[in-house]
C-alpha cells in the first residue's frame, strides 16, 4: 500500500490537518538554512502533543550525529531524513547514535535531482539507511521552479535494495502518474500543498492525499 508524506510542516495546526486527512508521515525541517526551519525548542511545544499514531520525520543535513539523536529522542521521531552529500561512514555514525534512543527511528537518505548514475550510491550505504528519497532540490526553495525528473527512477532505485519515497514536482494532478511510473513505497510533497512557505493549504493537502490514496490502485507495488 502506497503511503503519503507531507513535508515542510512548521506548526501543530498544519500537522493535525495533514494527519486528519490521512497522511502517513509528516516531515519537520530542523535544518538551520531551510526556509521551513523549525527550532527544536519551538517543536517541543507541539510535536510531543500530536496523536500517538503520528509518524514525524525530522529533516537534517550536516548536524552532528549526537545532535540528531538528541532531537530524535526529545521529539520521539519515527524517522530521520538525511540530505546533502553523505559518506557511508557518517551515515553509520548517525545510525549508531540513534540506537541510543528508546525507539530508534528509521533513516531516509534524500537524493537530490537524481539521474541513473546517482543510484549507484544506494548499495554503498547498505544497512546505514532504510529508505531513499528521490526529489528535486528546487522544490523546497521559494521562488525556484521545480524541475521534473524521470519518475521511473523510483522503480530503478527500489531495485537496488531500498524502498523509495518519491518526490519532485508532485501535485494532486500528477501523483497517480508518478506512482504508476515510479512504484514507490511512498510519495512526498512540499511546495504544491502550501499557501505560503511556512503554512500549508488544508484543501490542497486533502486533494493531494486523496488523489494519492485513490491512485494507489493503479500502482503495481
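Details
- Of the candidates 78, 92, the single residue that is touching a helix residue (DSSP H, G or I) at 6+ places or on another chain (Cβ under 8 Å) and modelled with pLDDT of 95 or more is 92.
- Criterion (over 21 Å from residue 133 (Cα atoms) and touching a residue at least 24 places away in the same chain (Cβ under 8 Å)) met by exactly one of 91, 77, 50: 50
- If you go through the stretch 160-193 and keep only what is in contact with a strand residue (DSSP E or B) (Cβ under 7 Å, 6 or more places away or on another chain) and assigned to a loop (DSSP other than H, G, I, E, B), you end up with 162, 163, 167, 168, 170, 184, 185.
- Selection from the stretch 95-108 of residues that are in contact with a helix residue (DSSP H, G or I) (Cβ under 6 Å, 6 or more places away or on another chain) and farther than 11 Å from residue 70 by Cα: 95, 104, 105
- The one condition from (1) over 21 Å from residue 34 (Cβ atoms); (2) modelled with pLDDT of 90 or more; (3) assigned to a loop (DSSP other than H, G, I, E, B) that residue 203 does not meet is (3).
- Verdict on residue 153 being more than 21 Å from residue 66 (Cβ to Cβ) and modelled with pLDDT under 90: yes
- Residues in the stretch 13-38 that are within 24 Å of residue 96 (Cα to Cα) and assigned to a loop (DSSP other than H, G, I, E, B) were compared, and the one that is modelled with the lowest pLDDT is 32.
- Per this entry, residue 114 is not counted among residues that are at pLDDT below 95 and under 17 Å from residue 16 (Cα atoms).
- Any chance residue 130 is closer than 20 Å to residue 25 by Cα, under 16 Å from the mean Cα position of the chain (by Cα) and at pLDDT 95 or above: yes
- Qualifying residue in the stretch 169-178 (condition: at pLDDT below 90 and in contact with a helix residue (DSSP H, G or I) (Cβ under 9 Å, 6 or more places away or on another chain)): yes
The values are calculated or read from the model by the stated rules, or taken from the named source; none is laboratory data. Since we're looking at a predicted model, the values are computed, not measured. Neighbour counts are summed over all protein chains in view; Cβ atoms, including those assigned to glycine, are modelled from backbone coordinates with ideal geometry.
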